[in-house]
Amino acid sequence: MEYAALVDVYDRLAATASNNEKRDILAETFAGAGDLLPRLVVLARGRLFPAYDRGELGVSSSLTLEAVLAATGAAEDAVRERWRETGDLGDAAAWAVDNGGQQTLFSRDLTVERVHDDLRGLADFEGEGSQGRRVDALAGLVSDATADEARYVVRTALGHLRVGVGEGTIRDALAVAFLDDGGESVDAVERAYQVTNDFGVVAETARGGGVEALRELDVELFRPIQLMLAEKAETLAEGLADAAGDGGEAVHCEYKYDGIRVQIHVDGDEVRLFTRRLEEVTLQFPDVVRAVREGVAADRAIFDGELVGYAPETIREKSRSPVVFQTLSRRVKRESDIEAMVGEIPVVVHLFDCLYDGETTLDRPASERLERLGAAFSSVAPDPEGGVAGLERATSASASSEDPDSAATLYEEALERGHEGLMMKNATAAYQPGRRVGRMLKLKPTMEPLDLVVTRAKYSEGRRSEWLGRLYLACYDPESDELLEVGRLSTGYTDEELADLTEELEARIVNREGRLVELEPEVVLEVAYEEIQSSSEYDSGYALRFPRFLNVRADLGRTDADTIERVESLFDSQ
Ligand code: ATP
């Protein structure tokens, strides 16, 4: 397939704001995709890897700029100027192709196959000289591209297509393209995507075997699935009532720990750990791998749990003291001398779900999954000197909305022991990967902070003038895959935190205008605030009052930020 034909699809997607129209454009494209289907469903969102694979191309905006200049012969200042004006290096690349003056004598037409394979190939360059080879490969594509093609090649390389297609649109388009009308089809695609985390597989299965074949798809070990997320409760009574639902079902309560969410896959002796963003962290936690080998009885299993760091001197006590998340995150960042960290920041994994134990349990009620969790492993006491982490069940109690006492006691005890709050889970509900569901609620004592993406920043005045101290924050809109600004942050950090943050942000500058810089939206911050106001100042329509910096959420990316829907519901609940 000519890449030009896909570019035409992108242009049509970008030209309409209607989700139904986008769905129909994609459905038509998928239906006629032939062998290209698995690649097209991934490319439709400007991706190159399925969602379970955190493959990185290793392409920054400065590398891309270098490739565009090399391919087109355009003057750097002129391309930068264009980039500044539009805020999009893709647009600047298109301009450079038209105005760069480079004639390519033997240009080959671009095909979808070539663009896909060459861009994916960028991820494979390793070691010395790999950056230079990436520039050459990308320049090779741009020099064979028309202006319109260059725009999307560059946007895809940078991982942001800007045509407003979210996961829901792909799901709906697959249902329209290959299945009979009706909600059942959409549900089947949705579930198949939840278990496989791979639209390529879902698309081929839907085309080949319809709804029935989709239902047969199952989780696979070592292919991480999206984790189920929680809704926030304002009070204990509200949380219990929501978790219990209209049927007043039993509620399972647990400590809400403040650590790292881990999904543990086990196949015999092979153990691998994935974070909430599906990044693999097995190498960083050899102590957890040993504990799992020691404690897990099931031959093949997938568990969900929270990995928590504790003060070493308290690790053997029942009421051990958790360390703050930033301390624990040192273990994730560490690349050398990993075993030394095992004693310095010992950890315990608190398991709270079993997603697979030889067969998938996702559709089973939570109470059954917990029973199966109990049968699949035995607790392991932490032994930092021996290099073994702790492995145990999350501390829990059952409760109901009529009888909230046990939940209240557990909540108090969790806070007293330095944990974050309480989780309340409907005992009959299935596991819903990737969803923020009303059957799992979290309660914390403070006003819920928001996780927001830094889109732009300004250097401070006066003493802190070297640092990017004024940060524009945005929430995420999954429908359009866009970021919407909700306010500007300028307090809450220490000098040290601000210096670190500036370094992280400066590496992501795409454009400077005086003291204001525009950023690749990759840094997520946890932010407290007094209240949410409606405001025309920001494109979200809302503004945070008195936002305060709490943390950098290195474990989250652009699409994990709090959504516009969440901001709206917080605004409504004030
Ligand atoms: P937060 O910032 O409040 O941790 P989040 O956005 O990271 O929230 P949520 O789904 O909103 O994620 O809250 C649930 C998170 O709480 C989980 O992702 C998990 O990391 C953590 N957690 C701690 N203890 C539990 C537990 N017992 N059951 C489920 N999740 C737990």
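Tabulated data for the structure shown
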read-out: Among residues of segment 430-446, those that are in contact with a strand residue (DSSP E or B) (Cβ under 7 Å, 6 or more places away or on another chain) and open to solvent by 20 Å² or more (accessible area, probe 1.4 Å), counted; value: 7
read-out: Which listed residue is within 20 Å of GLU317 (Cβ to Cβ), crowded, with 21+ Cβ neighbours inside 10 Å and within 16 Å of the ligand (Cβ to nearest atom), from VAL342, VAL347, VAL380; value: VAL347
read-out: Any hit, segment 206-225, residues being within 30 Å of THR282 (Cα to Cα), aromatic (Phe, Trp, Tyr) and part of a helix (DSSP H, G or I); value: no
read-out: Filter result for GLU335 (more than 16 Å from the ligand (Cβ to nearest atom), open to solvent by 60 Å² or more (accessible area, probe 1.4 Å) and more than 29 Å from THR559 (Cβ to Cβ)); value: no
read-out: Residues (within 12 Å of the ligand (Cβ to nearest atom), open to solvent by less than 30 Å² (accessible area, probe 1.4 Å) and not hydroxyl-bearing (Ser, Thr, Tyr)) located in segment 253-268; value: CYS253, GLU254, GLY259, ILE260, VAL262, GLN263
read-out: Wholly enclosed strands (runs of 3 or more DSSP E) of segment 361-448 bearing at least 1 residues within 20 Å of ARG300 (Cα to Cα); value: 390-393
read-out: Residues (within 12 Å of the ligand (Cβ to nearest atom) and either more than 21 Å from the chain's Cα centre (by Cα) or not assigned by TED's automatic domain parsing to the domain that holds LYS318 (or both)) located in segment 424-438; value: MET424, LYS425
read-out: Close pairs (7 angstrom Cβ cut-off, 6 or more residues apart or separate chains): modelled with pLDDT under 95 in segment 551-564, of a type in the set (Ser, Thr, Tyr) and open to solvent by less than 40 Å² (accessible area, probe 1.4 Å) anywhere; value: ALA554/SER329; ASP555/THR275; ARG558/TYR476; THR559/TYR476
read-out: Residues located in segment 6-22, provided they are open to solvent by 40 Å² or more (accessible area, probe 1.4 Å), of a type outside the set (Asp, Glu) and in contact (Cβ under 8 Å) with a residue 24 or more places away in the chain; value: ALA14, ALA17, ASN19
read-out: Hits in segment 269-296 (condition: open to solvent by 30 Å² or more (accessible area, probe 1.4 Å) and either without any contact (Cβ under 8 Å) to a residue 12 or more places away in the chain or in a strand (DSSP E or B) (or both)); value: GLU270, ARG272, GLU280
read-out: Members of segment 23-72 that are over 21 Å from the mean Cα position of the chain (by Cα) and surrounded by fewer than 16 Cβ atoms within 10 Å (Cβ to Cβ); value: GLU28, ALA31, GLY32, GLY34, ASP35, SER62
read-out: Qualifying position, being part of a strand (DSSP E or B), away from the ligand (no atom under 15 Å from the Cβ), open to solvent by 20 Å² or more (accessible area, probe 1.4 Å) and of a type in the set (Asp, Glu), among GLU518, GLU526, GLU522, GLU537; value: GLU518
read-out: Which listed residue, of GLU461, GLU497, GLU531, GLU513, is open to solvent by 40 Å² or more (accessible area, probe 1.4 Å), away from the ligand (no atom under 16 Å from the Cβ) and under 25 Å from the mean Cα position of the chain (by Cα); value: GLU497
read-out: Residue check, GLU359 of a type in the set (Asp, Glu) and either in contact with a helix residue (DSSP H, G or I) (Cβ under 8 Å, 6 or more places away or on another chain) or over 21 Å from GLU270 (Cβ atoms) (or both); value: no
read-out: Residues that are assigned to a helix (DSSP H, G or I) and in contact with a strand residue (DSSP E or B) (Cβ under 8 Å, 6 or more places away or on another chain), drawn from segment 1-41; value: TYR3
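Listed here are the residues, each with its yes/no results for (1) touching a Gly at 6+ places or on another chain (Cβ under 8 Å); (2) within 23 Å of VAL323 (Cα to Cα).
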site: SER396; (1), (2): no, yes
site: ASP405; (1), (2): no, no
site: THR409; (1), (2): no, yes
site: LEU415; (1), (2): yes, yes
site: GLU420; (1), (2): no, yes
site: MET424; (1), (2): yes, no
site: PRO433; (1), (2): no, no
site: VAL437; (1), (2): no, no
site: MET440; (1), (2): no, no
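Okay, residues lined up against (1) open to solvent by 30 Å² or more (accessible area, probe 1.4 Å); (2) of a type in the set (S, T, N, Q); (3) more than 16 Å from the ligand (Cβ to nearest atom); (4) at pLDDT 95 or above:
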site: VAL176; (1), (2), (3), (4): yes, no, yes, yes
site: ASP180; (1), (2), (3), (4): yes, no, yes, no
site: GLU184; (1), (2), (3), (4): yes, no, yes, no
site: VAL201; (1), (2), (3), (4): yes, no, yes, yes
site: ALA206; (1), (2), (3), (4): no, no, yes, yes
site: ASP218; (1), (2), (3), (4): yes, no, yes, no
site: PRO224; (1), (2), (3), (4): no, no, no, no
site: ALA233; (1), (2), (3), (4): no, no, no, no
site: GLY245; (1), (2), (3), (4): no, no, yes, no
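The values are calculated or read from the model by the stated rules, or taken from the named source; none is laboratory data. Everything quoted here is computed from the prediction, not taken from an experiment. Neighbour counts run over all protein chains shown; Cβ positions are idealised from the backbone, glycine included. In case anyone asks, the SASA skips ligands and DNA or RNA and just uses the protein heavy atoms, side chains included. Shrake-Rupley method; radii C 1.70, N 1.55, O 1.52, S 1.80 Å.
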